Amino acid sequence: MAFNSALLLLLLALSLSGLHLSTSQVLQGKLSCLDCSADYDFSGIKVLVKCANVKKLGQGTTTKEGSFEVELPSTSTHETPSNCLAKLIGGTTQLYSTTKKMVSKIVKSHDSNSYTISTPLAFYTVRTNLKGIGESKTVDLPLPKEWGLAPSSYYVPFFPIIGIP
């Protein structure tokens, strides 16, 4: 009887201590802000995880320092996740990023049940910092305003072929 009470007390203590006896695999990562001050609060930014051949998604929220932890979605607890991606999906304020900086492949880390991101997930807080990254330039030909035409960049480029019968 004393043994059962001691075992029950041990299990109760373990459950209250926050120790998780789970075999699930976890993604651990950290976000970067490319134009923030050193004391920027990363709290509340969401990161989504999708693995191939798995219908459910994993989602995590960042801490004040920008780190996050997400349980990798899988069909069973013993299955190794394959072909997984992490994506920065947003926060409480508007974030700006390029496609390359908001998606990262997930790779196995040194710990056996832990995974990490292969490239940093990064963002800007101001859209003007994205200027020149992936933007296309338009060229407007100087057309007389008296003609009443829209700027030349509104038209599909058309080069007439003259002199061919």
When each of K55/K101; K55/K100; K56/K101; K56/K100; K30/K64; K64/K100 is checked by Cα-Cα distance, pairs over 21 Å
K55/K101; K55/K100; K56/K101; K56/K100; K64/K100
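Relative to the present Cα-Cα distance, how much length would full extension add between N53 and T128 at 0.36 nm per residue of separation?
Details: separation 75, 0.36 × 75 = 27.00 nm, distance 3.81 nm.
In short, 23.2 nm is gained.
Every number in this text was worked out from the coordinates using simple rules, so none of it is lab data. Please read all numbers here as calculations on a predicted model, not as lab measurements.
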